Amino acid sequence: MIVYSEPDKPKLRNIERNPRVALNFDGDRQGGDIIVIQGTARVASEVPPATQVAGYARKYDAGGFYRQIGLSGEQFASRYSVPIVIEPASLRGH
């Protein structure tokens, strides 16, 4: 799983100190059916920018996410320039 972060954010320092993470997803887009993925994260300099990861760009561009936050895909990739790879270890939820 790949997520992107802005540089110099506390989460990046936290991952360096302790790579164990938990991601919470809103399963029904209304605050219910929360899905929790636990795993290990690392900053991944070998991963290309978001606009060059086909599945990522397709999901967020086609879904209108970039437009919702007032950015183009290129602006998003420039602002959120630090790729984080998460290796899932467990899944909880519905």
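For the list (1) part of a helix (DSSP H, G or I); (2) of a type in the set (S, T, N, Q); (3) under 13 Å from the mean Cα position of the chain (by Cα), I need the number of the one condition that Asn24 fails. Condition not satisfied by Asn24: (1).
Number of residues in the stretch 76-94 that are over 23 Å from Pro19 (Cα atoms), open to solvent by 60 Å² or more (accessible area, probe 1.4 Å) and under 16 Å from the mean Cα position of the chain (by Cα) equals 1.
Condition first: surrounded by 11 or more Cβ atoms within 10 Å (Cβ to Cβ), free of Cβ contacts under 8 Å to residues at least 40 places away in the same chain and not in a loop (DSSP other than H, G, I, E, B). Now tell me which residues in the stretch 53-75 satisfy that. Write out each step before concluding.
Applying the first criterion (surrounded by 11 or more Cβ atoms within 10 Å (Cβ to Cβ)) to the stretch 53-75 yields 53, 56-57, 59-61, 65-67, 69, 71-75.
Next, only the ones that are free of Cβ contacts under 8 Å to residues at least 40 places away in the same chain stay: 57, 59-61, 65-67, 69, 71-75.
Result: Ala57, Lys59, Tyr60, Asp61, Phe65, Tyr66, Arg67, Gly73, Glu74, Gln75.
Of the residues making up the stretch 29-51, those that are polar (S, T, N, Q) and surrounded by 11 or more Cβ atoms within 10 Å (Cβ to Cβ) are Gln38, Thr40, Thr51.
The values are calculated or read from the model by the stated rules, or taken from the named source; none is laboratory data. Predicted, not measured: the structure shown is a model, and the values here were computed from it. Glycine gets a Cβ as well: all are built from the backbone with ideal geometry, and neighbour counts include every protein chain shown. Keep in mind that these areas ignore ligands, DNA and RNA; they rest on the heavy atoms of the full protein, side chains included. Shrake-Rupley method; radii C 1.70, N 1.55, O 1.52, S 1.80 Å.
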